[in-house]
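In what follows, a single structure is set out as structure tokens and then discussed.
The values are calculated or read from the model by the stated rules, or taken from the named source; none is laboratory data. Just so you know, these numbers come straight off a predicted model, no measurement behind them. Positions of Cβ are generated from backbone atoms using ideal geometry, with glycine treated the same way; all protein chains shown enter the neighbour counts. These area figures cover heavy atoms from the full protein model, side chains too; ligands, DNA and RNA do not enter into them. Shrake-Rupley method; radii C 1.70, N 1.55, O 1.52, S 1.80 Å.
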Amino acid sequence: MNQPATPVFPAPAGRGARAVPRVEAVELVRIAMPLVAPFRTSFGVQTERDVLLVHLLGDAGEGWGECVAMQEPGYSSEYTEGAQQVIEHHLLPRILARDRVGAAELESALAPVRGHRMAKAALEMAWLDLELRAAGRSLAAYLGAVRSEVDCGVSVGIAATTQELLETVAGYLDQGYRRIKLKIEPGLDIERVRAVREGCGPDLLLQVDANAAYTLDDADHLARLDEFNLVLIEQPLPEEELLGHAKLARRLTTPICLDESITSAAVAAEAIEMGACGIVNIKPGRVGGYLEARRVHDVCATRGVPVWCGGMLETGIGRAANLALAALPDFTLPGDTSASDRYFHQDITEPFVLENGRLRVPTGPGLGVEVRRDVVDSLTTRRTVIRRP
Ligand code: NPG
């Protein structure tokens, strides 16, 4: 397997040796955020987000991170309670035993713990926020952003009826979204896609996401999607089936995009080499953090594979960080970087508002958003403080 080139991420410049703050305490805050409407995928229905927030208190200020794991292990094997356990008992002890650990050193410090990428990514996000705030630098600048706003798409859950789906899609198009992604599952696929394509016309950027709901035996059935000129079909088969995706790709004209399967830059390189995908959805939580996400981007860019930024129903904290990532050069397709009101009546940061189908990339230090502590407190279901030993 080709090992991808690993770009060097220097510690953020700004205050010389003092650029790496010392973390004194970590607050783990669990919040329950009601969704504006139930969100149905092939793996379940969600009505509320059970979010784990990581709040760092350091000698040079604070930092916030968000864990994208869901309450149930339906999308991947990770889930919120498990992430909290592994952070408390396995990850933080390894970091807090050291004096000062920079964000770029976390990966090696946490390498003895296998997997748990979403938990690791939540810590990395908080560490990056803390460190970059102290250095007065934005995450977007640190990652190498080349644009100040990004094109936004929206992910549309499986609707009860085709009529309801058409109304929902029309509502999002009225709001200005530049691309529609339809969640599909066996039996609620071909005719649903046909209805949206016929209702919205040939120019709509339209794609589908199966969340691993099909098997290779469904290849002929999935080939019926080819007539709708979709941008891509996302993750039709289970996450381990790279070879299956490569075989399926040879039977479809619609490009295959991988999401769940891509857990690292090395896997992305392998999947591309095998012909398992022509497009990659990058979700920092799924690959263990923003620095690995940047490496996935680089692997894809050098191989001519376009990428886009996925979404995991993030609050304003994760949304801000995703926008910074989506401003990198190879993010040439609109992402699931929707406005805050797509999911929440009230966000825990200043809300992200769609302007002409785009969201602005935050430019302030760190993630570039301020957490509304009063809102967090009103939604808190559990709070745990871990102090340095
Ligand atoms: O816009 O934040 C968003 C959500 C986009 O559809 C979306 N996410 O499979 O990509 C996915 C899906 C998802 C939803 C994944 C919930 C995990 C949980």
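Miscellaneous remarks
- Heavy-atom accessible area ranking, 1.4 Å probe, most first, across Thr380, Thr332, Thr363: Thr363, Thr332, Thr380
- Rounded Å value of the spacing that divides the Cα centres of region 335-389 and region 44-87: 13
- Assigned charges on the beta-carbon of Lys, Arg, Asp, Glu; region 94-212 dipole about Cα centre (debye): 540
- Debye, to nearest 20: dipole size of the chain, +1 on Lys, Arg Cβ, -1 on Asp, Glu Cβ: 1120
- A simple rule links phi to the HN-Hα coupling: the Karplus curve 6.51 cos²θ - 1.76 cosθ + 1.60 with θ = phi - 60°, which for region 162-177 gives 5, 4, 4, 4, 4, 5, 5, 4, 4, x, 5, 5, 4, 6, x, 4 Hz, with x for Gly and Pro.
- The distance between label points at Asp217 and Ala37 comes to 3.4 nm (points 7 Å beyond Cα on the Cα→Cβ vector).
- Normalised by the number of residues in the chain, the mean separation of alpha-carbon contacts (under 8 Å, six or more apart) gives a relative contact order of 22 percent.
- From the alpha carbon centroid of region 298-318 to that of region 100-140 is 18 Å.
- For the chain, accessible area per residue (1.4 Å probe, heavy atoms of protein chains only), Å²: 38
- Qualifying trypsin sites (Lys or Arg not before Pro) in region 62-169, where qualification requires a DSSP coil assignment and no more than 13 other C-beta atoms within 10 Å, comprise Arg98, Arg114.
- In this structure, the amide hydrogen of Glu149, modeled 1.01 Å from its nitrogen in the peptide plane, lies closer than 5 angstrom to those of Val361, counting only residues at least 5 positions away or on a different chain.
- Cut-off 9 Å between beta-carbons: net charge of the residues surrounding Arg117, Lys and Arg +1, Asp and Glu -1: 0
- Cα-based reach from Lys120 at 29 Å (exclusive), listing lysines while leaving out same-chain residues under 8 positions away: Lys181, Lys183, Lys283
- Hz values of 3J(HN,Hα) by residue in region 382-389 - Karplus curve (6.51, -1.76, 1.60), Gly and Pro given as x: 7, 9, 10, 10, 10, 9, 4, x
- Region 20-112: C-alpha gyration tensor shape, a/c 1.5 cut-off, then a/b vs b/c: prolate
- Cα shape, the chain, gyration tensor, a/c 1.5 rule: prolate
- Around Val154: net Lys/Arg minus Asp/Glu count, Cβ-Cβ under 10 Å: +3
- Whole-percent carbon and sulfur share, accessible surface of the chain, 1.4 Å: 49
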